[in-house]
Every structure is written in structure tokens, then in C-alpha cells.
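Visitor: First the structure, then my questions, so here it is.
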Amino acid sequence: MITILFWPFMIASVVLSILGIWIKSHRLFYASAICIIPMSIYLAGWPLFRIWGLLFPLFYVGAAISMKKDRRSLSLLACLPVYFVIGWLAFIVLNQ
């Protein structure tokens, strides 16, 4: 079940977070945090990401809190680790 939701929800989380930064809406970051949960559960199964995998939704929650306080650049900074991991996973999958 998680693998079916993995890529569509991951793409939706990136799109929602970019829209959240663009239109300055903290609610979209909360939706992004919910969408990234399947990826977090998947990454928590890898020994390399055992604890770090569960922290990715918290990055989006932190971005939502900073956006609510009108700190747009801090929201973008909080989203960058999630973007890098998604890019890394896409790179690995496409180069297999």
C-alpha cells in the first residue's frame, strides 16, 4: 500500500510546499507534511535513514510555523532537506 502512494504523494508534497512558499500559506505546508508520511515510513526502514526518515514531516511543520510568522526564507530553508532527499531518491531510481 505504501509503494502505491509513494511517488504521487511525494510529488504532491513538493508541489504543495512550493505553492505554500509562493502564496504564503502555512496550511499547504501541513498538507505537504501529511503527503510526505509514506516516504518517511519507507525511509525509516533503511538503516541509513532509520531516525532521519521520520523527521521529514517535521521539516514541513517547521516551515509552516515559520511561514505563519511571516518568515518566508526560513520556510524555504526548512524545505530544502526534503527536496534534496526526494531528488536523491529520483536520481537513484532513474539510474538503476
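Visitor: Restricting the search to the range 60-89, which residues are aromatic (F, W, Y) and exposed (fewer than 14 other Cβ atoms within 10 Å of the Cβ)?
Guide: Step one: list which residues in the range 60-89 are aromatic (F, W, Y), which gives 60, 83-84, 88.
Passing the criteria: F84, W88.
Visitor: Tell me, yes or no, whether the range 45-59 has at least one residue that is in contact (Cβ under 8 Å) with a residue 24 or more places away in the chain, open to solvent by 10 Å² or more (accessible area, probe 1.4 Å) and touching a Phe, Trp or Tyr at 6+ places or on another chain (Cβ under 8 Å).
Guide: No, there is no match, as no residue in the range 45-59 is in contact (Cβ under 8 Å) with a residue 24 or more places away in the chain, open to solvent by 10 Å² or more (accessible area, probe 1.4 Å) and touching a Phe, Trp or Tyr at 6+ places or on another chain (Cβ under 8 Å).
A quick yes/no check of all residues on (1) under 15 Å from the mean Cα position of the chain (by Cα); (2) under 16 Å from L5 (Cα atoms); (3) in a helix (DSSP H, G or I):
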| position | (1), (2), (3) |
| --- | --- |
| P38 | yes, yes, yes |
| L48 | no, no, yes |
| V61 | yes, no, yes |
| A64 | yes, no, yes |
| S75 | yes, no, yes |
| P81 | yes, no, yes |
| V85 | yes, no, yes |
| L89 | yes, yes, yes |
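Visitor: What about I23, is it more than 9 Å from the chain's Cα centre (by Cα) and within 20 Å of I92 (Cβ to Cβ)? Before the answer, list the steps.
Guide: Working: more than 9 Å from the chain's Cα centre (by Cα): yes; within 20 Å of I92 (Cβ to Cβ): no.
Considered against the rule, which asks whether it is more than 9 Å from the chain's Cα centre (by Cα) and within 20 Å of I92 (Cβ to Cβ), I23 comes out as no.
Visitor: Another question about this same structure. Would you call I92 exposed (fewer than 13 other Cβ atoms within 10 Å of the Cβ) and of a type in the set (V, I, T)? Step through it out loud before you land on a result.
Guide: Working: exposed (fewer than 13 other Cβ atoms within 10 Å of the Cβ): yes; of a type in the set (V, I, T): yes.
Taking the combined requirement at face value, the residue satisfies it.
Visitor: Okay, next question. Out of the residues in the range 50-59 that are among the hydrophobic types (A, V, I, L, M, F, W, C) and part of a helix (DSSP H, G or I), which is farthest from K24 (Cα to Cα)?
Guide: As a first pass, look at the range 50-59 and keep what is among the hydrophobic types (A, V, I, L, M, F, W, C): 51-52, 54-56, 58-59.
The next check asks that each one be part of a helix (DSSP H, G or I); those that pass are 52, 54-56, 58-59.
Working: W52: 27, L54: 25, L55: 23, F56: 20, L58: 18, F59: 16 Å.
For the range 50-59, the residue satisfying everything is W52.
Visitor: Give all pairs with beta carbons closer than 6 Å in which a residue from the range 71-95 that is within 10 Å of F59 (Cα to Cα) and at pLDDT 90 or above meets a residue that is small (G, A, S) and in a helix (DSSP H, G or I); count only pairs at least 6 apart in sequence or on separate chains.
Guide: S75/A63; S75/S66; A78/G62; A78/A63; C79/S17; C79/A63
Visitor: Search the range 2-21 for residues that are over 12 Å from I41 (Cβ atoms) and open to solvent by 30 Å² or more (accessible area, probe 1.4 Å) and pair each with any residue that is modelled with pLDDT of 85 or more and in a helix (DSSP H, G or I) when their beta-carbon atoms are under 6 Å apart and the residues are at least 6 apart or on different chains.
Guide: A12/C35; L16/L28; L16/A31; L16/S32; L19/L28
The values are calculated or read from the model by the stated rules, or taken from the named source; none is laboratory data. Note that the structure is predicted; figures quoted are calculated from it, not measured. With ideal geometry, Cβ positions are generated from the backbone for all residues, glycine too; neighbour counts draw on all protein chains shown. For the accessible areas, the whole protein counts, side chains as well, though only heavy atoms, and no ligand, DNA or RNA atoms are used. Shrake-Rupley method; radii C 1.70, N 1.55, O 1.52, S 1.80 Å.
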